[in-house]
Amino acid sequence: MTKEFTPDPVLNAPIDKAFVEDKYEDKYVPLKKEVFVKAGDMMSDKGYEEAYLGDTIRFKMKRDKKRFWAGDNISDYVSEEDKAKLIDEATEAFELVLDRLLIDRENDPNSKGTARRLAKMYFNEIMAGRYEPAPDATAFPNDSEDRYEGMLVVRSELRSMCSHHHQPVTGVAYIGIIAAQKLIGLSKYTRIAQWCARRGTLQEELCNDIAREIEKATGAKDLGVYIQAVHGCCENRGIMAHSSLTQTTVLKGAFNTDGNTKKEFFDNIKLQQEFAPR
Ligand SMILES: [Zn+2]
């Protein structure tokens, strides 16, 4: 007895009736954000796979010709939610570094969580100034009859990291300005300096960065930044110099052109150092 033939509604559908019926199309919603796909996986049987978020962000910065050196702030490209994902991705990469260093991170109890600790430390602490927007420095007017016209010198303790060796840089910045039309809270000088420092830096660059950001926040054209710091890369490796100190100075406006202003700035630094030896 022949079984009665029941046509398959899909396989035997007339050609002009599309394979995907309307009701299936409803299930696909348009993507809200750009999705990047790993080039190598396009043809694989794993199908499309979302790329590393880190690669996606790097792609966008390259596309926009945005510089992303170790000392650059890239907070416009990294959101708070992105950070958790980026820490996961960096953890994976640090695990590989530990493996390549032949450290048994599976059994050594002290090395078990090290990859994640490193990833978190880079994003949230030693390089936080790359991923966080500038500290909010509310400016107060300094334009009344009895406005302050003198010099202001703030001592800011710094923790940074050299971008060559990722070794700690520890020091103090002295920031001096002749007050302009606005003033910022005293703690803001240090917040700005630390925001610039918490990146991979060179001391020379750091000195310039702090000067530029202080100028931006205060509007002061007459300013000086003096940094003295010890570098882990000179102390812990290489020349193993235990008492080497690096000094850098940036002087702008009257600090550069007027001998008295310059002298007052360095006299203030000496007084500060007597008050709080480094
Ligand atoms: Zn170094």
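The values are calculated or read from the model by the stated rules, or taken from the named source; none is laboratory data. Note that the structure is a prediction, hence the values are computed from the model and not measured. Using ideal geometry, Cβ is built from the backbone for each residue, glycine included, and neighbour counts are taken over all protein chains shown. Remember, those area values only see protein heavy atoms, side chains included, never the ligands or the DNA or RNA. Shrake-Rupley method; radii C 1.70, N 1.55, O 1.52, S 1.80 Å.
In this structure, GLU132 does satisfy being touching a residue at least 60 places away in the same chain (Cβ under 8 Å), surrounded by fewer than 19 Cβ atoms within 10 Å (Cβ to Cβ) and more than 16 Å from the ligand (Cβ to nearest atom).
Only one of these is open to solvent by less than 90 Å² (accessible area, probe 1.4 Å), within 23 Å of HIS164 (Cα to Cα) and among the acidic types (Asp, Glu): ASP72, ASP82, ASP64. Name it.
After applying the criteria, what remains is ASP72.
Scanning the stretch 225-243 for residues that are within 12 Å of the ligand (Cβ to nearest atom) and not in a loop (DSSP other than H, G, I, E, B) gives ALA229, VAL230, HIS231, GLY232, CYS233, CYS234, GLU235.
Touching a Cys at 6+ places or on another chain (Cβ under 7 Å), under 26 Å from GLY129 (Cα atoms) and within 16 Å of the ligand (Cβ to nearest atom): does that describe ILE210? So ILE210 fails the test.
GLY200 meets each of the listed conditions (1) closer than 16 Å to LEU158 by Cα; (2) open to solvent by 10 Å² or more (accessible area, probe 1.4 Å); (3) not aliphatic (A, V, I, L, M) apart from (2).
Just one of the numbered conditions (1) away from the ligand (no atom under 16 Å from the Cβ); (2) among the hydrophobic types (A, V, I, L, M, F, W, C); (3) open to solvent by less than 50 Å² (accessible area, probe 1.4 Å); (4) more than 23 Å from ALA134 (Cα to Cα) is not true of ILE184: (4).
When you look at ALA193, is it modelled with pLDDT of 95 or more and surrounded by fewer than 19 Cβ atoms within 10 Å (Cβ to Cβ), yes or no?
Taking the combined requirement at face value, the residue does not satisfy it.
Within the stretch 147-181, the set of residues being within 16 Å of the ligand (Cβ to nearest atom) and open to solvent by 50 Å² or more (accessible area, probe 1.4 Å) comprises ARG159, HIS164, HIS165, HIS166, PRO168.
Selection within the stretch 187-197: residues that are away from the ligand (no atom under 16 Å from the Cβ) and touching a Ser or Thr at 6+ places or on another chain (Cβ under 9 Å). The member of this set that is farthest from ASP209 (Cα to Cα) is LYS188.
Note on the stretch 253-278: residues that are free of Cβ contacts under 8 Å to residues at least 40 places away in the same chain, part of a loop (DSSP other than H, G, I, E, B) and surrounded by 10 or more Cβ atoms within 10 Å (Cβ to Cβ) total 1.
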